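As structure tokens, the structure follows; a few thoughts come after it.
The values are calculated or read from the model by the stated rules, or taken from the named source; none is laboratory data. All values derive from a computational prediction rather than experimental measurement. With ideal geometry, Cβ positions are generated from the backbone for all residues, glycine too; neighbour counts draw on all protein chains shown.
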């Protein structure tokens with residue numbers, strides 16, 4: 001009988017006593033983990049639970065919270081047309097930039113990993129730098145400036161593609177495409193570094209064993225050897241990319257203004273900032289934050305379910 005089967009056959013009292021024994025035996029490890037768990041609960045779990053509670057109330061920071069049930073959610077989905085626009089824009093950005101940036105991060109990491117050490121370090125810095133650069137918005141504002149001095153307009157006029165400058169950042173037709181381009185340019189962040197680290201830690205002996213077993217090209221190595229070894233990094237990268245794609249807000253605010261023309265670049269984060277930081281309707285803002293949180297949870301679970309199949 002295996003240990004798992006023996007545990008299943010135990011009574012509740014036996015399981016309780018065994019758990020007490022294990023906790024007492026490993027109490028030093030629990031003491032070492034305690035600071036992290038305390039900080040995680042205080043600054044992550046508690047704020048999330050508090051936000052969910054406030055989402056069921058009317059709260060404006062001047063009066064005590066007043067319980068109103070699901071009225072905020074009904075207002076959100078039935079009466080708030082701007083929120084529906086924000087959902088549409090957020091999902092368009094997430095569906096395009098999330099998978100594409102995830103794929104780009106892995107492909108570039110895979111290619112860079114084949115370079116010599118010094119060149120690999122330099123190229124990693126080059127690709128990672130846009131995600132850290134505070135001047136990124138200024139660069140893209142110069143590129144898509146609406147006058148003839150904007151780089152995009154200047155080159156298009158120079159090659160006779162257009163005759164007059166285009167107001168790129170004020171035209172709703174170009175808002176989402178511009179956000180997608182800039183977000184992809186800035187998307188090689190922490191997930192990209194995780195992929196680099198995962199590729200560096202792959203067991204090289206498995207490639208030799210694979211060559212003996214009949215794997216004879218790089219694509220087969222990637223699918224049958226590399227990806228199964230990188231499941232933890234792939235899942236971490238997926239979480240980071242999904243969180244980043246659903247959390248686009250500052251980018252839209254800095255490039256398109258707040259609010260953007262006809263709410264063409266308005267995202268859920270922008271809507272949250274509007275009610276939370278400007279109007280101080282914190283109960284309503286908490287409802288928006290809860291909906292966004294649930295979207296992220298479901299998206300992460302879906303992606304993790306897919307990636308687990310790669311590792312099996």
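From 111, 93, which residue is within 28 Å of the chain's Cα centre (by Cα) and in contact (Cβ under 8 Å) with a residue 12 or more places away in the chain?
Values: 111 fails: in contact (Cβ under 8 Å) with a residue 12 or more places away in the chain.
Testing whether each residue is within 28 Å of the chain's Cα centre (by Cα) and in contact (Cβ under 8 Å) with a residue 12 or more places away in the chain leaves just 93.
Against the list (1) more than 18 Å from the chain's Cα centre (by Cα); (2) part of a helix (DSSP H, G or I); (3) within 16 Å of residue 254 (Cα to Cα), the condition residue 146 fails is (2). Being modelled with pLDDT of 80 or more and either under 22 Å from the mean Cα position of the chain (by Cα) or surrounded by fewer than 20 Cβ atoms within 10 Å (Cβ to Cβ) (or both) is a property that residue 256 has. Could we say that residue 294 is surrounded by fewer than 17 Cβ atoms within 10 Å (Cβ to Cβ) and under 30 Å from residue 49 (Cβ atoms) here? Answer is yes for this residue. Taken together, the criteria exclude residue 211 from residues that are touching a residue at least 24 places away in the same chain (Cβ under 8 Å), assigned to a helix (DSSP H, G or I) and more than 24 Å from residue 44 (Cα to Cα). Only a single item in (1) in contact (Cβ under 8 Å) with a residue 40 or more places away in the chain; (2) surrounded by fewer than 16 Cβ atoms within 10 Å (Cβ to Cβ) is not met by residue 224, and it is number (1).
Against the conditions (1) surrounded by 15 or more Cβ atoms within 10 Å (Cβ to Cβ); (2) under 20 Å from residue 254 (Cβ atoms), residue 157 satisfies every one except (2). Considering the stretch 124-144, the residues that are without any contact (Cβ under 8 Å) to a residue 40 or more places away in the chain and in contact with a helix residue (DSSP H, G or I) (Cβ under 7 Å, 6 or more places away or on another chain) include one that is surrounded by the most Cβ atoms within 10 Å (Cβ to Cβ), namely 143.
Does residue 241 qualify as being in contact with a helix residue (DSSP H, G or I) (Cβ under 6 Å, 6 or more places away or on another chain), free of Cβ contacts under 8 Å to residues at least 60 places away in the same chain, under 27 Å from residue 93 (Cβ atoms) and in a helix (DSSP H, G or I)? No. I need the full set of residues from the stretch 43-88 which are over 24 Å from residue 246 (Cα atoms) and loosely packed, with under 13 Cβ neighbours inside 10 Å, in order please. Result: 61, 62, 63, 64, 66, 67, 69. Looking at the structure I just gave you, is residue 121 assigned to a helix (DSSP H, G or I) and crowded, with 17+ Cβ neighbours inside 10 Å? The answer is no for residue 121.
I need the full set of residues from the stretch 105-118 which are in a helix (DSSP H, G or I) and either surrounded by 15 or more Cβ atoms within 10 Å (Cβ to Cβ) or in contact with a helix residue (DSSP H, G or I) (Cβ under 8 Å, 6 or more places away or on another chain) (or both), in order please. Residues satisfying the conditions are 105, 106, 108, 109, 110, 112.
Given the conditions (1) part of a helix (DSSP H, G or I); (2) touching a helix residue (DSSP H, G or I) at 6+ places or on another chain (Cβ under 6 Å); (3) touching a residue at least 60 places away in the same chain (Cβ under 8 Å), and given that residue 194 satisfies all but one, which numbered condition is not satisfied? Result: residue 194 passes all but (3).
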